[in-house]
Amino acid sequence: MTLEKIRTGIYVSADVLSECDDYCTKNEISRSEMIEQALNLFLATRKIENKSEVLVPELAKCIAKASDEGITKISKGLFRYAVEVEMLIAILADTFDVSKNELKDIRREAVNNVRRTRGKINLDDLITRNFDEGITDKDSFE
């Protein structure tokens with residue numbers, strides 16, 4: 001891009017010129033600077049439109065690749081999480097004798113808690129809630 005400026009005249013409607021001047025005032029730039037920026041943006045957009053047969057498929061490939069990488073990371077994380085949960089379940093099953101009805105009640109409460117908190121549950125909150133509700137360690141083993 002050359003630094004040399006060429007003076008030229010243009011015809012525009014009064015409304016467009018007024019909007020242009022308002023923009024220039026708010027952004028503290030000259031009318032010429034604003035028109036040059038607008039023309040550069042317009043021309044760049046036209047170049048992209050002309051190249052879209054190449055750019056759009058390439059962009060789609062890049063998005064798909066990034067998406068696949070994200071899905072793989074999430075899947076691996078969920079797998080590790082499932083292993084840890086399975087280990088906890090095995091330990092709890094070996095430690096406590098819980099009837100099917102009790103398990104059903106626990107599952108229902110867990111589902112409600114996850115929905116209520118949108119999945120943001122941690123052990124500290126659960127212990128605090130149980131304490132606030134008057135549930136003691138003795139109660140949970142009976």
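Where a number appears in this text, it was derived from the coordinates with a stated rule and is not lab data. From a predicted model like this one, the values you see are computed outputs, not experimental measurements. Please note: Cβ atoms are built from the backbone with ideal geometry, for glycine as well, and neighbour counts cover all protein chains shown.
Once the C-beta distance of R7 and E49 is scaled by a Förster radius of 35 Å, the resulting FRET efficiency is 0.75 to the nearest 0.05. Label-to-label distance for K61 and I91 is 4.8 nm, based on points extended 7 Å past Cα in the beta-carbon direction.
The percentage of C-alpha pairs in the chain whose separation is greater than 18 Å is 79%. Look at where the Cα atoms of segment 58-92 and of segment 28-57 average out, and the two centres are 40 Å apart.
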